[in-house]
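Quick notes on the structure that follows.
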Amino acid sequence: MLVADKISKTFHSGSVENRILKNISIKIDTGQFICVVGRSGSGKSTFLNILSTLLKPDKGSVVFEGQDITTLPENKINSLRQRDFAIIFQFHHLMPYLTVTENVLLPYMNKLMPVPKSVIRRAEECIDRVGLGARRNMLPGRLSGGEQQRVAVGRALVKSPEILFADEPTGNLDKKTGDEIISLMKNLNNEGLTIIMVTHELSYISCADRVVVIEDGIIKEVSADSCY
Amino acid sequence: MNIFTIPVRNLRRKILRTALMLVIFTIGVLSMVAINNVSRVVGDSFEKKMNQFGANILVYPKADTLKISYGGFDLGSLAYDIKYLHESRVVSSINNIELKKNIGAVAPKLVLVKRLLGQSVVMVGVNWQEELKIKNYWGIKGKLPEKPDDILIGSGIAEYFKIDNNSVVEIESILYEVTGVLEETGSDDDSVIFMDIRHLQSISGMSDLVNFVEVSALCSGCPIEDIVEQISGKLPDTDIRALQNVVKQRMSAKGFVEKLAGTVSLVIMLTASCMIGLFMFTSVNERKKEIGVLRSMGYSRLNVFNIFCFEALLIGVIAGVLGYFSGFFVSFKVLEILKLGEDIVIHFRFTRFVTTFLLVTLISVAASVIPALKAARVDPSEALVML
Ligand SMILES: Nc1ncnc2c1ncn2[C@@H]1O[C@H](COP(=O)(O)OP(=O)(O)OP(=O)(O)O)[C@@H](O)[C@H]1O
Ligand SMILES: [Mg+2]
């Protein structure tokens, strides 16, 4: 369970103050699929980054498993990012010099110790899961955009995270490939994974349990049907 | 697969950039090693050449009377009890000190006053072979004496007595052939007659006796005091004087060559490390997104720092090894061109290799510390938001 309580964020560019989030609160239960929508520049990414520890709010708290993650020390945040949270971006951000398998194993490659065999096996399962079993040893540059994004999903899955954060994961894909990514995510959600996804594509919100709109710095929860 | 996979793969993928960095750094190390090797050899051979301009240690009989000289005017011949050294003992002792490899020449001398054409002249008995090692600057008109009754005369003697090459002169009822005349040296050598020391000893009934011994010591790697001390240890009954100014002059010439080499290699390494630093800076800027992603999946700042430092470490290690050995090769070639390499060998010393290697690696890593710190400070949200 992830609970955000009265979070605010203001950006300063020069002397101009830009209040992006104003006292936003939300409670997300385990296993939910949440869609975050809103105009461009409304603060969706900012909101998601605060929930996923990449950004600190000016005010307010984000509680995960009983701890306020906005005040955690650096090492605790790192282990949270490593074990519990997984993030997918609009761009796949794969390492161009690592193979598909190695990219999926990347979360485990920050140690001197070689990645254990059991983890490699799990990575291979994840690669099969996202349908890239045959492309395992290829470099990302040889894959299509959809395949690249599926590797990024695989990289997020390998650690069996508690929550998957996705910031416009289909933003850089055509409709058909985007649909494949979304149905993959929906399947993962059906297996119990909590997903918080920012999207521009209104047709995807039918997959969501809840839809939140960010507008003028505050969120409004709407029913999925009302979006059409 | 571990954290080093990332920098290794990155280096391999950007092979052109890696090669360029390696070339720059290898050339830096190469020139450093070559300059130092060459300067050491040149310095040594410089010293050897300088040693040919006279001796730097004098071995005298111990004087237990007051020295009879005043204002540079030596009244030694007025002393009644002139003391002598035993040539064979002194020469073999000097040649057997611990630092014997630093002994360049041991030139014994017997100085006697004889009469020529009714005048007193100074006869100096010398060991020709050793004498020529320390009197390399001698210019001889004619040739060196070969037979015992051949003599070499100073320019002053030749002028005074009006004798020249091939003249035959009578000294105390023995006939000598003048085989050569010394060109003016501006020293005492101008006014004396040189002959074979054995011959002078035997005609004077002074077998194995000498007045003093001149020694030329090579002082690289050891202070002259050590050599003096070792000789006096073997010959306690002698007075030994080191001509410090001669030594200092030689060492300062050698020191200058070494200092110059040191400065040049420092500048080269500094330039090379700035280049490495620059390469790493652009690399960090190019890879900001990559760093952001790594941080977003739990890589610590230290992990990121290590990834960049390890890249520099790898460059340093490879360039260190390549540069050291190619530096050796280049030094041989340079010495060959300078024609200094004939009798000189550059030894491969493992400790020196290890020191150079560690130093180079350290420099390479040090050059990348600031860019790596910059990498570690990349904020993941900013890096990923900017598109
Ligand atoms: N680091 C920052 N410094 C200053 N301003 C920022 C920063 N990050 C975001 N902003 C500003 O905050 C506002 C919200 O940005 P955000 O990225 O959250 O919007 P968004 O809803 O995700 O938009 P989009 O749909 O285009 O991705 C924008 O006006 C943006 O310019
Ligand atoms: Mg956004």
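The values are calculated or read from the model by the stated rules, or taken from the named source; none is laboratory data. If you're wondering where the values come from, they're calculated on a predicted model, not measured in any experiment. Here the Cβ positions follow ideal geometry from the backbone for every residue, glycine too, while neighbour counts run over all protein chains shown.
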Single condition B:Lys234 does not satisfy, out of (1) closer than 30 Å to B:Val378 by Cβ; (2) out of contact with any Lys or Arg (no Cβ under 7 Å at 6 or more places or on another chain): (1)
Inter-residue pairs, beta-carbon under 6 Å, first without any contact (Cβ under 8 Å) to a residue 40 or more places away in the chain and in region A:2-20, second assigned to a strand (DSSP E or B) and away from ligand 2 (no atom under 16 Å from the Cβ), 6+ apart: A:Glu17/A:Thr10
Close pairs from region B:281-296: first in the same structural domain as B:Ala312 (by TED's automatic domain parsing) and charged (D, E, K, R), partner assigned to a helix (DSSP H, G or I) and surrounded by fewer than 23 Cβ atoms within 10 Å (Cβ to Cβ), Cβ under 6 Å, at least 6 apart: B:Lys288/B:Ala383; B:Lys289/B:Ala383
Residue that is closer than 29 Å to A:Phe64 by Cβ, of a type in the set (Ser, Thr, Tyr) and in a helix (DSSP H, G or I), where the choices are A:Ser160, A:Ser118: A:Ser118
Pick from region A:34-60, criterion in a loop (DSSP other than H, G, I, E, B) and within 16 Å of ligand 2 (Cβ to nearest atom), ranking: nearest to the chain's Cα centre (by Cα): A:Ser52
Checklist (1) surrounded by fewer than 21 Cβ atoms within 10 Å (Cβ to Cβ); (2) more than 16 Å from ligand 1 (Cβ to nearest atom) applied to A:Val213, failing item: (2)
Subset tally (residues that are within 16 Å of ligand 2 (Cβ to nearest atom) and in a helix (DSSP H, G or I)) for region A:203-213: 1
Count - residues of region A:97-109 that are part of a loop (DSSP other than H, G, I, E, B) and at the interface with another protein chain (Cβ under 7 Å from one of its Cβ atoms): 3
Every pair of residues 6+ apart whose Cβ atoms lie under 7 Å, when the first sits in region A:167-183 and is under 18 Å from A:Ala156 (Cα atoms) while the second is charged (D, E, K, R) and away from ligand 1 (no atom under 12 Å from the Cβ): A:Ile181/A:Arg150
Complete set of residues in region A:1-33 that are outside any strand (DSSP E or B) and either within 14 Å of chain B (Cβ to nearest Cβ) or away from ligand 1 (no atom under 15 Å from the Cβ) (or both): A:Met1, A:Asp29, A:Thr30, A:Gly31, A:Gln32
Among the candidates A:Asn137, A:Asn189, residue that is modelled with pLDDT under 95 and within 14 Å of chain B (Cβ to nearest Cβ): A:Asn137
Members of region B:186-208 found to be within 21 Å of B:Gly139 (Cα to Cα), surrounded by fewer than 16 Cβ atoms within 10 Å (Cβ to Cβ) and not small (Gly, Ala, Ser), listed by number: B:Asp188
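Yes/no per residue for (1) more than 9 Å from every other protein chain (Cβ to nearest Cβ); (2) charged (D, E, K, R); (3) on the phi > 0 side of the Ramachandran plot:
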position: A:Leu48; (1), (2), (3): yes, no, no
position: A:Lys59; (1), (2), (3): yes, yes, no
position: A:Gly66; (1), (2), (3): yes, no, yes
position: A:Ile88; (1), (2), (3): yes, no, no
position: A:His92; (1), (2), (3): yes, no, no
position: A:Glu125; (1), (2), (3): yes, yes, no
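The rows are residues; the columns are (1) more than 30 Å from B:Ile224 (Cα to Cα); (2) in contact (Cβ under 8 Å) with a residue 40 or more places away in the chain.
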site: B:Leu85; (1), (2): no, yes
site: B:Lys143; (1), (2): yes, no
site: B:Glu159; (1), (2): yes, no
site: B:Val181; (1), (2): yes, yes
Members of region A:68-81 that are in contact (Cβ under 8 Å) with a residue 12 or more places away in the chain and either within 16 Å of ligand 1 (Cβ to nearest atom) or at the interface with another protein chain (Cβ under 10 Å from one of its Cβ atoms) (or both): A:Ile77, A:Leu80, A:Arg81
Top-ranked residue in region A:110-123 [being at the interface with another protein chain (Cβ under 7 Å from one of its Cβ atoms) and touching a helix residue (DSSP H, G or I) at 6+ places or on another chain (Cβ under 6 Å); ranked as farthest from ligand 2 (Cβ to nearest atom)]: A:Val115
So A:Val158, is it on the phi < 0 side of the Ramachandran plot, within 14 Å of another protein chain (Cβ to nearest Cβ) and within 16 Å of ligand 2 (Cβ to nearest atom): no
Qualifying residue in region A:82-104 (condition: farther than 26 Å from A:Thr177 by Cβ and within 12 Å of ligand 1 (Cβ to nearest atom)): no
Residue within region A:179-197 that is within 16 Å of ligand 2 (Cβ to nearest atom) and on the phi < 0 side of the Ramachandran plot present: yes
A:Asn75, sole failed condition from (1) within 13 Å of ligand 2 (Cβ to nearest atom); (2) in a helix (DSSP H, G or I): (1)
Number of positions in region A:187-205 that are more than 16 Å from ligand 1 (Cβ to nearest atom) and surrounded by fewer than 16 Cβ atoms within 10 Å (Cβ to Cβ): 5
Region B:194-219: number of residues that are more than 27 Å from B:Ile103 (Cα to Cα) and not in a loop (DSSP other than H, G, I, E, B): 2
Any hit, region A:52-61, residues being buried (at least 23 other Cβ atoms within 10 Å of the Cβ), closer than 16 Å to A:Val212 by Cβ and within 13 Å of ligand 1 (Cβ to nearest atom): yes
